[in-house]
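Visitor: The structure's right below; bear with me while I get my questions together.
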Amino acid sequence: MAGELPFEKPLVELQDKIKELRRFTEEKGIDFSDEIKRLEQKSKDLAQQIYGNLTPWQRVQLARHPERPTTLDYIQLLFTDFIEVHGDRLYGDDHSIVGGIAKLDGRPVTIVGHQKGKDTKDNIKRNFGMAHPEGYRKALRIMEQADKFGRPIICFINTSGAYPGKAAEERGQSEAIARNLREMATFRVPIICIVIGEGGSGGALAISVGNRIFMLENSYYSVIAPESAAAILWRDSSLGMRAAETMKITAPDLLELGVIDGIIEEPFGGAHRDLIQQASMVKATIVDQLEQLGKMTPDELIQDRYEKFKQIGEYASL
């Protein structure tokens, strides 16, 4: 099992033992079929026990899995005729945000998403999916064009947060994020947002002001990363597991709280286990939502988006 996580270790060890018995059978000609069958059933039961009862922290780990599908993976599998747009026309091109024009079953759409790297070199190029202001301004430029020409917008969210460095702040990080929030609220086209991995802080919110927000089953969406929250609350970032439990940041919790509109199931063991199946489930959700939102007028889409965010949270007045 490639890229196994700590909680998957017992399952990996059992699967390795099964492989070893099979190899021994082929090399020595000794029949271990009964033992292999017994261990396979044990492996199946253990996998069900592990993946059927994931804790919030384990879901966070799956959301961060290095082999988890990225925005570009989904673009390749779901869309055709993709034309990527580069640069913000102000400063430069931020590779941690990708976007452009494509077709979904022949229908023109606009796509924007965070992009993490596939290896160390690529992660450095993509800044680990943490965008600078020019990344959010590029995203806004792409979405403004979509609004102008009446194309639906599809956003893929996967970032631990906006880049917090000094250079980003000097170039107006907070202003860039705030502007995106304001402008996305006014767009007269359908906006569908999907959290495909990490959904951290304002870095995620900057491209997730949508009519519909969905999360993959093993993703998280939070005002702050669990480790950062632990560092603030308990002055110990190693208590990220405790923070993840407390903050209600997983898809089931957020669906119950009304923050998101639905959960997209993942293949058994996580999205990285079967990219084709995962892409198919994501596409089905997008197509269904575009059909529903396509029945609304531009003014109704704006009002729908306003009502959605107005109803999030609870308060009491004295």
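The values are calculated or read from the model by the stated rules, or taken from the named source; none is laboratory data. Note that this is a predicted model, so its numbers are computed, not measured. All Cβ positions, even for glycine, are placed from backbone atoms using ideal geometry, and neighbour counts span all protein chains on display. In case anyone asks, the SASA skips ligands and DNA or RNA and just uses the protein heavy atoms, side chains included. Shrake-Rupley method; radii C 1.70, N 1.55, O 1.52, S 1.80 Å.
Visitor: Pop out the carbon and sulfur fraction of the accessible area of the stretch 60-311 as a percent, whole number, probe 1.4 Å.
Guide: Carbon plus sulfur share of accessible area: 53 percent.
Visitor: What is the distance, in nm, between label points placed 7 Å from the Cα along the Cα-to-Cβ direction at Met296 and at Arg89?
Guide: Those two pseudo-labels are separated by 2.7 nm.
Visitor: Hey, any idea what the orientation-averaged projected area of the convex hull of the stretch 1-148's Cα atoms comes to, in nm²?
Guide: Averaging across all directions leaves 13.2 nm² for the Cα convex hull.
Visitor: On the principal axes of its Cα set, how long, how wide and how thick is the chain? Give whole Å, largest value first.
Guide: For the chain, the Cα extents along the three principal axes come out at 71, 50, 41 Å.
Visitor: Along the stretch 153-165, what does the Karplus equation 6.51 cos²θ - 1.76 cosθ + 1.60 (θ = phi - 60°) give for ³J(HN,Hα), rounded to whole Hz, x for Gly and Pro?
Guide: 10, 10, 10, 10, 9, 6, 8, 6, x, 5, 5, x, x
Visitor: Right, next: Extending each Cα 7 Å along its Cβ direction at Arg188 and Glu265, get the distance between those two points in nm, one decimal.
Guide: For the pair Arg188/Glu265, the computed spacing is 4.0 nm.
Visitor: Ok, one more. Under 18 Å between alpha carbons, and skipping anything fewer than 8 positions from Lys308 in its own chain: which lysines qualify?
Guide: Lys295
Visitor: Using a Cα-Cα cut-off of under 27 Å, which lysines could be cross-linked to Lys166, ignoring same-chain neighbours fewer than 8 residues away?
Guide: Partners found: Lys116, Lys118, Lys121, Lys125, Lys138.
Visitor: Among the lysines in the stretch 6-53, how many pairs, 8 or more places apart or on different chains, have alpha carbons under 18 Å apart?
Guide: 12
Visitor: Excluding residues fewer than 8 places away in the same chain, name every one of the aspartates and glutamates whose C-alpha is closer than 19 Å to that of Lys283.
Guide: Lys283 reaches Asp73, Asp81, Asp105, Glu217, Asp261, Glu265, Glu266, Asp274, Glu291.
Visitor: Shifting gears a bit: P(r) of the stretch 6-53 in 10 Å steps, Cα pairs, percent per bin?
Guide: Pairs per bin, as whole percents: 27, 47, 21, 5.
Visitor: Still on this structure, I have one more. Counting only protein heavy atoms and using a 1.4 Å probe, what share of the accessible area of the stretch 6-53 belongs to carbon plus sulfur, as a whole percent?
Guide: The computed percentage sits at 48.
Visitor: Another question, then. With a probe of 1.4 Å, find how much accessible area the stretch 6-53 has per residue, and write the answer as a whole number in Å².
Guide: 74 Å²
Visitor: Follow-up. Test of understanding: what is the full-extension gain from Asp253 to Lys125, defined as 0.36 nm times their sequence separation minus their Cα-Cα distance?
Guide: 42.7 nm
Visitor: Using R₀ = 35 Å, calculate the FRET efficiency as 1/(1 + (r/R₀)^6) where r is the Cβ-Cβ separation of Ser174 and Asp16; round to 0.05.
Guide: 0.10
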